[in-house]
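Everything below concerns the one structure shown next.
No value in this document is a laboratory result; all are computed from the given coordinates. As the structure is a prediction and not an experimental result, all values here were calculated from the model. Reconstructed Cβ throughout: ideal geometry from the backbone, glycine too, with neighbour counts over all protein chains shown.
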Amino acid sequence: MNWIRSILLVLPIAAGSPALAQTMKFEDSAALLGASCARDIEANCRGVNLDPTRMKDCLLRNQDALSPQCKSDYGPAFAAIQKRVAARAAVFKLCARDIAKLCGVDKADRGKALECLIAGPRGMGINCNKSVIEAGYR
């Protein structure tokens, strides 16, 4: 059972530190995967490195041996993780103008820029605001 807890703790960290309507939190994706696939992972993927790509590959390779619940849930869980990763990568690109115009910080200083974006300054563009929300920062 400790192995399953490790999955739930390590998977979000390995994925990049977060709904299907917008983007699902990393924790929710890992919880869905753990609830649906814990037995399947323990039986078929023991010893596999706990990063999302390798775990997904293992589950895909062992698709014939997976429980029906795991088969139906692991695809959406990994898709949600990838969507959240992509959303986080897009924030600084989509918000570059807002960072320069509203935050008054250099875009290279991602920490201060992110703090400003999370605060949601007045006049922030719709696409920037949406990307900050989808990335799970707000």
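Full extension of the chain between R110 and A90 gives 5.9 nm of extra length, using 0.36 nm per residue less the Cα-Cα distance. Of all aspartates and glutamates in the structure, the ones whose alpha carbon falls short of 17 Å from that of K93, not counting any fewer than 8 places away in one chain, are D106, D109, E115, E134.
With R₀ set to 41 Å, the beta-carbon distance separating I133 from D57 gives a calculated FRET efficiency near 0.85. Legend: residue pairs K25/K83; K83/K107; K25/K130; K83/K130; K56/K83, Cα-Cα distance threshold 18 Å; pairs beyond threshold, K83/K107.
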